[in-house]
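What follows is a single structure, written as C-alpha cells, with notes after it.
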Amino acid sequence: MKILLIEDEPKTVQSLKQGLEEYNYTVDVAYDGLIGKQLATRTAYQLIISDIIIPGINGLELCKALRSEGIQTPILMLTALSTTDDKLEGFEAGADDYLAKPFDFKEFLARVKALIKRSNQTMIESQTLKFADLELDLTSKIMTRSGQKINLTAKEFQLMEYFLRNQEKVISKAEIAENIWEVEDEGSSNLIEVYVNYLRKKVDKGFPSKLIHTQFGMGYILRQE
C-alpha cells in the first residue's frame, strides 16, 4: 500500500513515516504542497495525508486542485485547526477525513486503514477518466470516443492519461518530457510533437470537434471546440 505524506514538520514526518512503515505501508514524503501535488498527479497512491498549513500551496488548495483534476484518492487532513468551521472547510475542499493535532497514533492508524479499505472498494469505479465524449479506462487500458474504441500504444496511453488529468490546462513540452519520458531534455521536443500528432490522428480525426490543441509558444491543451 502506497501513501503520500505531505507535511513540513520533520519530527512529525519521521514519527508518522516510521509508524506507517512498521505496518508495511510504503510512504513517499513531500515537504510542501507544490511537490505534493506533483507527486499525487504522477503516482497512484492508496491514500494522501496532508497537513493544512504547509509551504507552496496549503492543504485546502492542494485538495481542491487534485479533485478538479479528477484525482479521487482519499485525502486525510492533519491540522491544529480543529473548530467545526475548520472541519467543514476541509470537507468542502474535498477531504475524506480530518484529524486534529495532537492525536494518538492508534487513532491515526485506524483512520488510515478505514480510508484505504474504502479506497480499495471503490477503486474500479474511479478508474475511468472522462472528457467530453472521450473515456479512458485505466484498468482495462481501453480508450473510447463516442463509444468507438481507439487503440493506443503504451506511450500514447500514458500521454493521453496525462492530458486527461490536466484537461483544459496548457501543458508545456518540458512538462510532458519530465512526466511522460522522465527526462529534462530539450531534444525530446520533436519526439513529443510526433506523439501528439499520433494522438491527434487517433483522437480527433473523423470526429466533429477537436480535443487536442496547440497553444503556440506554450504547449498543448485538451479542450473542446
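The values are calculated or read from the model by the stated rules, or taken from the named source; none is laboratory data. Predicted model, so just to flag it, every value in this text is computed and none were measured. Please note: Cβ atoms are built from the backbone with ideal geometry, for glycine as well, and neighbour counts cover all protein chains shown. What goes into the accessible areas is simple: the full protein's heavy atoms, side chains included, and nothing from ligands, DNA or RNA. Shrake-Rupley method; radii C 1.70, N 1.55, O 1.52, S 1.80 Å.
Can you name the residue in the range 1-17 that is in a helix (DSSP H, G or I) and β-branched (Val, Ile, Thr) and, of all such residues, is most open to solvent (accessible area, probe 1.4 Å)?
Only one residue tops the list, namely Thr12.
Looking for whichever is among the hydroxyl-bearing types (Ser, Thr, Tyr) and in contact with a helix residue (DSSP H, G or I) (Cβ under 7 Å, 6 or more places away or on another chain) here; the options are Thr41, Thr12, Thr26. Which one fits?
The conditions single out Thr41.
Hey, can you tell me all the residues within the range 36-51 that are β-branched (Val, Ile, Thr) and in contact with a strand residue (DSSP E or B) (Cβ under 8 Å, 6 or more places away or on another chain)?
Thr43, Ile48, Ile49
What helices (runs of 4 or more DSSP H) lie completely within the range 18-94 and have 1 or more residues being of a type in the set (Phe, Trp, Tyr) and surrounded by fewer than 16 Cβ atoms within 10 Å (Cβ to Cβ)?
Where helices (runs of 4 or more DSSP H) fall fully within the range 18-94 and carry at least 1 residues being of a type in the set (Phe, Trp, Tyr) and surrounded by fewer than 16 Cβ atoms within 10 Å (Cβ to Cβ), they are 84-92.
Please go through the range 69-85 and give me each residue that is of a type outside the set (A, V, I, L, M, F, W, C), modelled with pLDDT under 85 and out of contact with any helix residue (DSSP H, G or I) (no Cβ under 6 Å at 6 or more places or on another chain), ordered by number.
The answer is Gly70, Gln72, Thr79, Ser82, Thr83, Thr84, Asp85.
Working only within the range 112-134, note down all residues that are at pLDDT 90 or above and open to solvent by 60 Å² or more (accessible area, probe 1.4 Å).
Across the range 112-134, the qualifying residue is only Lys113.
Taking only pairs six or more apart or across chains, which ones have beta-carbon atoms under 9 Å, a first residue in the range 206-219 that is at positive phi, and a second residue that is of a type in the set (Val, Ile, Thr) and surrounded by 11 or more Cβ atoms within 10 Å (Cβ to Cβ)?
Here the result reads Gly219/Val170; Gly219/Ile171; Gly219/Ile176, each pair linking the range 206-219 to a residue that is of a type in the set (Val, Ile, Thr) and surrounded by 11 or more Cβ atoms within 10 Å (Cβ to Cβ).
Within the range 6-19, can one find any residue that is charged (D, E, K, R) and modelled with pLDDT under 90?
no
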